[in-house]
Amino acid sequence: MKNYTRNTLAGTFISAFLVACGGGSSGESGGSSSGTPGTTLPPTTTATITRTGLSGCVAKQLEGTATDQGLAIARVSLLQVVEQLPEATETVLAGGKGVVVRLDITAPKSGVVMPKAKLLIGHDGEVACTEIAFSSASGTAPVAVDRQTMASSLKAVIPAAEIREGLTYMILVDGETPSTKTAADRLFRVGKLNVTDALEEEVIIMPLTFQGETGSAASEADIKSLMSRTLPVSDITVTKNADISLAALKVSDATLTDGVYYFPESKLNDALVELNNQCLSLIGTGLPTQSAPHCVGVWPSNIVFGTPSNRTLGKAFTGGYSMMVASFTTTDDPGATGPYGSHWLTQGALNFLHEYGHVLGLHHAACGVTGIVDAGLYADGRLGDRAGYDAGREFYFLGSASNGFADIMSYCGKGWHSDKGYRKIIDYKLNGIPVTDGPTG
Ligand SMILES: [Zn+2]
């Protein structure tokens, strides 16, 4: 079948099967968005460029007489907790977890109508091809990429079920407007993405009882949501265990002030070792730490480790089974309406995520910390020149130091995982690492 016909004088334009894709999807009448102003005849198609992907997706772009308006794909990025670039060899997506594709199209001057764009998703060895339309809040293409917001970007969401091995993509911008080959090349991308199997995490919350008070944690649903929004895992189970008490925490070792027992920090180490033993008796010994359930002890608010002015909020075994944090009852600040003010996650949630990062094999990011530094994270302990995305709150943010962000594994700024940390967690979940050090804060 021929895939195009030359326009007739009346402007009848047949563009069936511009995208041969799964169930098939017809193109639209040509020349609507970028025809030459003042021209009465629609632009003429002179050739068709056939684009084949690495899977079942095939797309067509039209060559023809429409004026080249200089529209170009300036940048494509993939948002799954962190921002990664599809062309970067290190990029890896966690399976079974939705991805927002950010597409930035620029024009050489302001006022150029934002073109239509579509994303074609396929998988190696499969015929099916899924077409996803990009949408934008902006009616015109910007002259430069706005890294701070997505207000002038296009956005398409790849559903979680499509994020699996062999993932291929095509991005096609303004494919139905016949223009030059040079323009067509600027407005097309194709590639393959590295995707892991869906990664699991099982969390056992263990509330600690001490002197009539019991530690509390946010609801299982909130913790599950928090983890889904911040970690490369998609299959998450959170359960609460019965309350436990620890022999390592003796009243005689604490200083009692205004109803609060102040323990030296060394007692937190002892408590974590004991909690870890209770964890192992619960889950069994010998499981690989990267795939075993993880135990989270939560101590009550009548305990402080350290002093009133210098308290420790959590402790974990790096690449281990267990961690402990102070009680926290909520994960989110509902009053935060955007990502650039105060953090939308609570201090308790951030403590939880920091210690959980240790459990998932990360050391500290080098900002405001002492001791072992994780050489795999950014050297300044921040997020590099990358964005973050909280799919739960739908917050997109450029994680620059000037915006106040820092690696959640540091002690600086507004915490979020860096793209490097995200991939390190994926690597840990898949391959594990040897555990060589003791408890860390
Ligand atoms: Zn730490």
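Just one of the listed residues (VAL373, VAL435) is farther than 17 Å from LEU199 by Cα, aliphatic (A, V, I, L, M), at pLDDT below 95 and in contact with a His (Cβ under 7 Å, 6 or more places away or on another chain), namely VAL373. THR440 is checked against (1) more than 16 Å from the ligand (Cβ to nearest atom); (2) among the polar types (S, T, N, Q); (3) closer than 24 Å to LEU268 by Cβ and fails just one. What number does that condition carry? Of the numbered conditions (1) more than 16 Å from the ligand (Cβ to nearest atom); (2) among the polar types (S, T, N, Q); (3) closer than 24 Å to LEU268 by Cβ, the odd one out for THR440 is (1). Taken over the stretch 291-323, the criterion of being part of a loop (DSSP other than H, G, I, E, B) and within 24 Å of SER219 (Cα to Cα) is satisfied by SER291, ALA292, PRO293, PRO300, SER301, ASN302, LEU313, GLY320, TYR321. In summary, strands (runs of 3 or more DSSP E) completely within the stretch 324-436 and bearing 1 or more residues that are within 30 Å of ASP104 (Cα to Cα) and within 16 Å of the ligand (Cβ to nearest atom) occur at 405-407, 414-416. When you look at ALA365, is it over 30 Å from VAL145 (Cβ atoms), touching a Phe, Trp or Tyr at 6+ places or on another chain (Cβ under 8 Å), among the small types (Gly, Ala, Ser) and at pLDDT 95 or above, yes or no? No, not satisfied.
The residue list THR67, THR89 contains one member that is within 28 Å of the chain's Cα centre (by Cα), surrounded by fewer than 20 Cβ atoms within 10 Å (Cβ to Cβ), not assigned by TED's automatic domain parsing to the domain that holds LEU398 and not in a strand (DSSP E or B), which is THR89.
Out of curiosity, is ALA271 modelled with pLDDT of 95 or more, within 22 Å of THR440 (Cα to Cα) and either in a loop (DSSP other than H, G, I, E, B) or basic (Lys, Arg) (or both)?
When the stated conditions are applied, ALA271 does not pass them.
The values are calculated or read from the model by the stated rules, or taken from the named source; none is laboratory data. None of the values given here were measured: they were computed from a predicted structure. Neighbour counts run over all protein chains shown; Cβ positions are idealised from the backbone, glycine included.
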